[in-house]
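Okay, so here's the structure we're looking at.
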Amino acid sequence: DTGVSQDPRHKITKRGQNVTFRCDPISEHNRLYWYRQTLGQGPEFLTYFQNEAQLEKSRLLSDRFSAERPKGSFSTLEIQRTEQGDSAMYLCASEHPVQETQYFGPGTRLLVL
Amino acid sequence: AQKITQTQPGMFVQEKEAVTLDCTYDTSDPSYGLFWYKQPSSGEMIFLIYQGSYDQQNATEGRYSLNFQKARKSANLVISASQLGDSAMYFCAMREENTGNQFYFGTGTSLTVIP
């Protein structure tokens, strides 16, 4: 399967713990995006990478959130000191530089207790 | 103001019938793209169809077509010959060329296909 993959698919954690999610984009897609989706809403943009450079960050991305894409391939999203309000689906998408379309991974469902 | 508005929280359609899911958008950027995604209960967002703001013809992809009315700023999705597997959430999204690469999504429409 050459689609976007995300790991883990589900994560349950206690408030205050740190969590890290991984996204592997489609090969040759140099653009990578992170979105957050809460129940009953559409995905909301968090951040965007072109190769290893983080070019855009949403105001939704508080200081507790950090994303990296060190080699321009996979990306990680870390949430420090998780709060119950962080419970959501975290979606990753990748895009070929010429195409207009973002292709999404299966998402990571986070539940903070 | 909302960039994307989907006014139908839920829709029902009889199997084999056609259904239209509404989407209106708000932008002052002359160049933009409009997208529809399907999200089954498994959670993955599946790309369905794309329409560019300068495209002269409405986009079609198999049973999906996009009814693009630029003056009205609407981009409705038409699904023909509905199938049970079409039951899912459907999201309309927009990207503006001059304001970054992020997608703006609507709140979605839940479609249920009735046998």
With each pseudo-label sitting 7 Å past Cα toward Cβ, what's the A:Ser27-B:Thr99 distance in nm, one decimal? 3.8
With equal scatterers on the alpha carbons only and no solvent term, can you work out the Debye log10 of I(q)/I(0) for region A:32-113 at 0.11, 0.23, 0.25 1/Å? -0.28, -1.21, -1.39
Chymotrypsin sites (Phe, Trp or Tyr not before Pro) restricted to region B:20-91 and DSSP loop, no more than 15 other C-beta within 10 Å: B:Tyr54
At 7 Å along Cα-to-Cβ for each site, give me the label-to-label distance between B:Asp55 and A:Arg15 in nm. 4.7
Unsatisfied cross-links (Cα-Cα over 28 Å) in the set B:Lys16/B:Lys38; A:Lys57/B:Lys38; B:Lys38/B:Lys73; A:Lys14/B:Lys3: A:Lys14/B:Lys3
Total charge dipole magnitude, chain B, about the Cα centre, Cβ charges on Lys, Arg, Asp, Glu only, Debye to nearest 20: 120
Over chain B: Kirkwood hydrodynamic radius from C-alpha pairwise inverse distances, Å: 14.2
Could you estimate the translational diffusion coefficient of the protein assembly as shown from the Stokes-Einstein equation, with Rh from the Kirkwood formula over C-alpha pairs, at 20 °C and 1.002 mPa s, in whole µm²/s? 118
For chain A, give the magnitude of the charge dipole about the Cα centre (Cβ charges: +1 Lys/Arg, -1 Asp/Glu; no others), in debye to the nearest 20. 500
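Read-outs throughout are calculated quantities, based only on the coordinates presented, and are distinct from any laboratory measurement. These figures come from a predicted structure and were not determined experimentally. Note: ideal-geometry Cβ built from the backbone for every residue, glycine included; neighbour counts use all protein chains shown.
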